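To keep things clear, I will list the structure first and then write my remarks on it.
Each value in this text was obtained by applying a stated rule to the coordinates, not by laboratory testing. What you are looking at is a predicted structure, and each value in this text was computed from that prediction instead of being measured. Counting neighbours? That spans all protein chains shown, and the Cβs are built from the backbone with ideal geometry, glycine included.
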Amino acid sequence: MPAAANTSVMPFFAGINEEDESIFEGIEVEVLDASPPQIRLLRSPMFAKEFACGDTLTVIDEKTAQYELTRRSGNLSLRIFRQNGLEFLERFLTPALEKLDGNLDLKTQNGLVYTIHFSIGFQTIEEILSQAVNDYPDTTWYYGNVYDPADGSTPLNWWQDL
């Protein structure tokens, strides 16, 4: 997604650390409206669940990272992790997903985050990711916004409404 004129980095809840403290992930957003405050994600998160690039949110409380999803973009967030040799995995995945209009949003030492529209099809996307896991066995991947964050296994099924 191209850089927007009015951008900011906002905190999103990413998990709990060993000391039982909340961890936050900074995500670049486009500020859309001031009242009520609305934002659009400019990239998919690495750890924050339920959202993807392009989603529109209402800011409930920025200090506590509380947001209400206003509109889904239709994008899927793909989170891929590997301990070693991430550059080889990226060289395989990035062109394969870009051919389907996917985008590499974030690269860290051990992780990649891609955004791709759900209309490409779950089967097509999962075939590419399965090939990556097969070729690079220490790779794991997750959807960032497909399953309910409360249990991690119940499909949200938001794509059925689009």
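Calculated from DSSP H runs of 4 or more alone, at -39500 (n - 2.57) each and per residue, what is the 222 nm mean residue ellipticity of the chain, nearest 500? Write out the running numbers ahead of the final one.
Numbers: 2 runs with 27 residues, N = 162.
Rounded to the nearest 500, the figure is -5500 deg cm²/dmol.
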**Report entry** Rounded to whole Hz, the Karplus (6.51, -1.76, 1.60) HN-Hα couplings of the stretch 15-23, x for glycine and proline
**Finding:** x, 10, 8, 5, 8, 6, 9, 5, 10
**Report entry** Those lysines that a straight Cα-Cα span of less than 19 Å connects to LYS49, excepting residues fewer than 8 apart in one chain
**Finding:** LYS63, LYS107
Query - Packing-based order for 36-49, 108-121, 87-100, using average beta carbon neighbours within 10 Å, highest first - result: 36-49, 108-121, 87-100
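Can you give me the relative contact order of the stretch 7-71 as a percent, contacts being Cα pairs under 8 Å and 6 or more apart?
Values: 137 pairs, mean separation 16.8, N = 65.
Result for the stretch 7-71 is 26 percent.
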Query raised in the report: Each residue of the stretch 71-88 in turn: what ³J(HN,Hα) in whole Hz from Karplus with 6.51, -1.76, 1.60 and θ = phi - 60°, glycine and Pro shown as x?
Result: 8, 7, 7, x, 8, 9, 9, 10, 10, 10, 10, 7, 5, 9, x, 4, 4, 5
Query - Distance (nanometres) between label positions extended 7 Å along Cα→Cβ at ALA150 and GLN83 - result: 3.5
Query raised in the report: Pick the calculated percent of Cα pairs over 25 Å apart for this structure from (1) 42; (2) 31; (3) 38?
Result: (2)
Query raised in the report: Once both labels are modelled 7 Å past Cα along the beta-carbon direction, what's the ASP61-SER130 spacing in nm?
Result: 4.4
Query raised in the report: Where Lys and Arg each count +1 and Asp and Glu each count -1, what net charge lies around ILE120 among other residues with Cβ under 15 Å from its Cβ?
Result: -3
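Tell me the relative contact order for the chain as a rounded percent, counting alpha carbon contacts under 8 Å between residues six or more apart.
Numbers: 320 pairs, mean separation 30.6, N = 162.
Relative CO of the chain lands at 19 percent.
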Report summary line: Restricting to Cα pairs under 8 Å and 6 or more apart, the percent relative contact order of the stretch 25-104 works out to 18
Query - Amide H partners (placed H, <5 Å) of ALA14, local residues excluded - result: ILE23, PHE24, GLU25
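If you count, for each residue, the other Cβ atoms within 10 Å and average over each peptide, how do 58-66, 147-155 line up from highest to lowest? Display every interim value, and only then the final one.
Working: 58-66: 12.9, 147-155: 10.8.
The packing order, highest mean first, is 58-66, 147-155.
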